[in-house]
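Worksheet: the structure to be examined is printed underneath.
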């Protein structure tokens, strides 16, 4: 039994660390990427994969099924709203005249 | 470790405040205000004030950002450049206020001091006797709705007053909307994905609002948050499918009546206990046993708060958007002439 709980604990820690890494790299990408759309991609990674992994890690830690259900509902909400808001943001940016940087106009160093 | 997180969050708050005051783009500063509220909410969670954090997240980061955005539609996106002497005057006022505030903090008790006056006056009574006297697990709700019910009544009246104020200033637009309802296309008509997802989300949001309303006795929640969440769902609907469609369900007269009705419910509960020979808003007369009476009273006044808050938020949003509509139509007519 203790082996199983140890395994679950390990899995949960792995998920938490991986999720934190995604969130961190998303934050770095948000600051460093060259244009609006790639920055939005970084934010999207942070929202869906980062938050998803962290929530999964927390689900493994939950000691009551009610906590599990609530975390699942939060996960579902994030998976619905975050891609939608990314989509709306991208559409608004296109309408506002922003165009993604393509290979030719990429500067050697990313400019802010 | 917790100290570190505290300092980090407070540092973020200061940075956000500086960014708000330095930007001239009102859209950015509204978004930063929302961020400021969200960070404060996180800070409140750290201090174990979950109810306050919930309110701050729902009101500060949610609905007030929305209302300010719809207000910005009326005022324009950029702040005008102030005159130089006015800038100097502003700096003087801000510095004097800041120094006075800093001076004031010298007298306040230390952060987290358990012997500060607020901790050993009434708080111990609330914390130890609440379960016995009121009988609900969430002490915040019993303090808010029962012990300090009169304060909360005042807050509800303030919200109603805000709604009346907005109506008095902006609500007298001529009744022309009803004539050409069909000619107005929903502003988000081309946003298919937004329409589908909000159709999926609005029913759960409304359900969540009701959960927050009636679960306030046991966990964080209550009338204020529930009212705001309910109104947010309607406003989301109005933004995606057109304000005129939402206004067909939530008619002007009806929401004005509801805003007043909430305060009326709250006040009537108070009057009822008054007429039964107890103090104003002493709920123990409402049922056979005092505890049961408290449950009834808290449920009723929270309902009053929820109704008023939701209705006033809708009034403010609809009034702003009607104003924007009117201005755009006037602009069209001027161009035609």
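What follows is calculated from the coordinates using simple rules that are stated; it is not laboratory data. Remember, predicted model here, so these are calculated numbers, not experimental data. We place every Cβ from the backbone using ideal geometry, glycine too, and count neighbours over all the protein chains shown.
Taking a quarter of the surface of the Cα convex hull of the range A:2-97, what do you get in nm²?
Mean shadow area of the hull around the Cα atoms is 6.5 nm².
What percentage of all Cα-Cα pairs in the protein assembly as shown are separated by more than 39 Å?
Summing the P(r) of the protein assembly as shown above 39 Å gives 34 percent of all pairs.
With just the Cα atoms defining each centre, how far is the range A:17-83 from the range B:56-113? Give it in Å.
Between the Cα centre of the range A:17-83 and that of the range B:56-113, the gap is 32 Å.
List B:126, B:266 from most exposed to least, where exposure is judged by having the fewest other Cβ atoms within 10 Å.
Going from sparsest to densest Cβ surroundings: B:126, B:266.
Would you mind ranking B:133, B:302, B:2, B:328 by Cβ crowding within 10 Å, fewest neighbours first?
B:2, B:328, B:133, B:302
For the range B:116-170 and the range B:275-311, write down the distance between their C-alpha centroids in whole Å.
Answer, in whole Å: 13.
How many partner chain Cβ atoms sit within 10 Å of a residue's Cβ in peptide A:76-88, on average, as a whole number?
3
How do the peptides B:4-15, B:211-222 rank, highest first, by the average count of neighbouring beta carbon atoms within 10 Å per residue?
In decreasing order of mean packing, B:4-15, B:211-222 become B:211-222, B:4-15.
Helix A:65-95 versus the longest principal axis of chain A: what is the Cα-based angle in degrees, 0 to 90, to the nearest 10?
On a 0 to 90 degree scale, this one is about 0.
When the Cα atoms of the range B:118-337 are enclosed in a convex hull and the volume is divided per residue, what value in Å³ results?
Numbers: hull volume 32.8 nm³, N = 220.
So the per-residue hull volume is 149 Å³.
What do you get for the angle between helix A:36-45 and the principal long axis of chain A? Use alpha-carbon atoms, 0 to 90 degrees, nearest ten.
0
So what is the relative contact order for the range B:258-337, in percent, with contacts set as C-alpha pairs under 8 Å and at least six apart? Kindly include the intermediate steps, with their values, before the conclusion.
On the way: 75 pairs, mean separation 24.3, N = 80.
Normalised by residue count, the contact order of the range B:258-337 is 30 percent.
Helix A:2-32: angle to the longest alpha-carbon principal axis of chain A, degrees 0 to 90, nearest 10?
Its long axis makes an angle of about 10 degrees.
What is the order of B:23, B:97, fewest Cβ neighbours within 10 Å to most?
Ranking B:23, B:97 by Cβ neighbours within 10 Å, fewest first, gives B:97, B:23.
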